[in-house]
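Student: Below you will find the structure I want to go over with you.
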Amino acid sequence: MPPSEVIPFRRREQPQPEPVRGLELLRAGADSARPATVLFLHGASGGAWMWAEHLMGALAASGWRTAALSFRGHGASAGREVLHGFGLLDYLVDARQAIATLGGPVVLVGHSLGGLVAQMLLGDPRIRGLVLLATVTPEGLAGANWRLAFTDPVLWQEVARMPWADAGGISPVRLRSALFSDALPDHLAWGYIARLQSESLRALAEAQWPRPVASARLLGVPGLVIGSGDDPLVPSDSLLRTAWLHGAEHITMDRLGHAMMLDAGWPRVAEAILRFLAARVP
């Protein structure tokens, strides 16, 4: 299927907010006849805005209902003043609340920390598919952080300051090249970095250690794991093991940073997701 048939870039719909008990939920493609909604879950220091920039509109233009959630304390959701008290189970509750609001089957697309939350949701009978982008793996982040500390200590220090991003704690000497490829214009890269916010210390601490999750393979949930060969934050070998755990298709893309949904190569990510949806999701 040629890319022009996969992603019709015309008529890109602007995602619209739908408040849900203090949570920000953006929606696009609400008039689609498809039974499942693609629900996007953001990573650390992000928000629903990261999906609204490109992927929500691209999938909606291809006939899919889409929604993007901002976890509590993120984006326009309530709780920013007590952010550091929230943990992964709080984000799990938020995602379940979003699924209940959508009122039907969902395909989860989770990035980084949001990918771990998506895996924690496995077992919910409403989940029809799982897409993980540069995800935090069930192994936890401790091993990857130690590796990063020895191989790129400057980047490791910048990532360690993410919990204080709201206070101007990020010094993006290396962060720009970790999140985005050189193909993304600097004014866009720096603009996205400026929108990053603080992340919960509790959630980040909990994500360091192994977390048992159900296997999508055993549950009969089709899966797709996408990583970048140029991403220094998520080791490619851990993504391979995660794909094996879930019996998921695995794709490694070059010339993409960790924030692949915002990078210049985002159309390749959208195309891979659309192909997966067309082939594996009823």
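Student: Could you check how many residues of region 96-111 are surrounded by 24 or more Cβ atoms within 10 Å (Cβ to Cβ) and either touching a Pro at 6+ places or on another chain (Cβ under 7 Å) or under 23 Å from residue 208 (Cβ atoms) (or both)?
Tutor: Number of matching residues: 3.
Student: So, one more: Before we move on, is residue 102 within 14 Å of the chain's Cα centre (by Cα) and closer than 26 Å to residue 29 by Cα?
Tutor: Working: within 14 Å of the chain's Cα centre (by Cα): no; closer than 26 Å to residue 29 by Cα: yes.
No; evaluated as a whole, the condition is false for this residue.
Student: Please specify each residue of region 45-59 satisfying the condition of being closer than 18 Å to residue 98 by Cα, in contact (Cβ under 8 Å) with a residue 40 or more places away in the chain and either in contact with a Ser or Thr (Cβ under 6 Å, 6 or more places away or on another chain) or of a type in the set (Phe, Trp, Tyr) (or both). Spell out the reasoning first.
Tutor: So the first thing to find is which residues in region 45-59 are closer than 18 Å to residue 98 by Cα, and the list is 46-52, 56.
So of that shortlist, the ones also in contact (Cβ under 8 Å) with a residue 40 or more places away in the chain come out as 46-47, 49-51, 56.
Those that are closer than 18 Å to residue 98 by Cα, in contact (Cβ under 8 Å) with a residue 40 or more places away in the chain and either in contact with a Ser or Thr (Cβ under 6 Å, 6 or more places away or on another chain) or of a type in the set (Phe, Trp, Tyr) (or both): 47, 49, 51, 56.
The rows are residues; the columns are (1) over 25 Å from residue 53 (Cβ atoms); (2) touching a strand residue (DSSP E or B) at 6+ places or on another chain (Cβ under 8 Å).
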{"position": "224", "(1), (2)": "no, yes"}
{"position": "228", "(1), (2)": "no, yes"}
{"position": "234", "(1), (2)": "no, yes"}
{"position": "239", "(1), (2)": "no, yes"}
{"position": "245", "(1), (2)": "yes, no"}
{"position": "264", "(1), (2)": "no, no"}
{"position": "270", "(1), (2)": "no, no"}
{"position": "278", "(1), (2)": "no, no"}
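Student: Mind telling me which of the residues 205, 178, 194, 183 ends up being surrounded by fewer than 16 Cβ atoms within 10 Å (Cβ to Cβ), among the aliphatic types (A, V, I, L, M) and closer than 18 Å to residue 134 by Cβ? Step through it out loud before you land on a result.
Tutor: Working: 205 fails: closer than 18 Å to residue 134 by Cβ; 178 fails: surrounded by fewer than 16 Cβ atoms within 10 Å (Cβ to Cβ); 194 fails: closer than 18 Å to residue 134 by Cβ.
Selected residue: 183, the only one of 205, 178, 194, 183 that is surrounded by fewer than 16 Cβ atoms within 10 Å (Cβ to Cβ), among the aliphatic types (A, V, I, L, M) and closer than 18 Å to residue 134 by Cβ.
Student: Which condition number does residue 135 fail, the rest of (1) under 23 Å from residue 257 (Cβ atoms); (2) at pLDDT 95 or above; (3) surrounded by fewer than 24 Cβ atoms within 10 Å (Cβ to Cβ) being met?
Tutor: Single failed check for residue 135: (3).
Student: Take the residues in region 40-67 that are more than 10 Å from the chain's Cα centre (by Cα) and assigned to a strand (DSSP E or B), then tell me which one is surrounded by the most Cβ atoms within 10 Å (Cβ to Cβ). Write out each step before concluding.
Tutor: In the first step, residues of region 40-67 are kept if they are more than 10 Å from the chain's Cα centre (by Cα); the result is 45, 49, 52-67.
From the residues that got through so far, the ones that are assigned to a strand (DSSP E or B) too are 65-67.
Values: 65: 23, 66: 28, 67: 25.
Among residues in region 40-67 that are more than 10 Å from the chain's Cα centre (by Cα) and assigned to a strand (DSSP E or B), the one surrounded by the most Cβ atoms within 10 Å (Cβ to Cβ) is 66.
Each row is one residue, and each column tells you yes or no for (1) outside any loop (DSSP other than H, G, I, E, B); (2) more than 30 Å from residue 281 (Cβ to Cβ); (3) touching a Lys or Arg at 6+ places or on another chain (Cβ under 9 Å); (4) without any contact (Cβ under 8 Å) to a residue 60 or more places away in the chain.
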| site | (1), (2), (3), (4) |
| --- | --- |
| 83 | yes, yes, yes, no |
| 95 | yes, no, no, yes |
| 114 | yes, no, no, no |
| 129 | yes, no, yes, no |
| 138 | no, no, yes, no |
| 149 | yes, yes, no, yes |
| 181 | no, no, yes, no |
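Student: What residue, among those in region 214-235 that are surrounded by fewer than 15 Cβ atoms within 10 Å (Cβ to Cβ) and of a type in the set (Gly, Ala, Ser), is farthest from residue 145 (Cα to Cα)?
Tutor: Here the answer is 220.
Student: Residue pairs, Cβ under 7 Å, 6 or more apart or interchain, first in region 187-210 and farther than 17 Å from residue 91 by Cα, second hydroxyl-bearing (Ser, Thr, Tyr) and not in a helix (DSSP H, G or I). List them.
Tutor: Once the first residue is farther than 17 Å from residue 91 by Cα and sits in region 187-210, its partners that are hydroxyl-bearing (Ser, Thr, Tyr) and not in a helix (DSSP H, G or I) give 196/45.
The values are calculated or read from the model by the stated rules, or taken from the named source; none is laboratory data. All of these numbers come straight from a predicted model, not from anything done at the bench. FYI the Cβ positions are ideal-geometry reconstructions off the backbone, even for glycines, and counts take in every protein chain you see.
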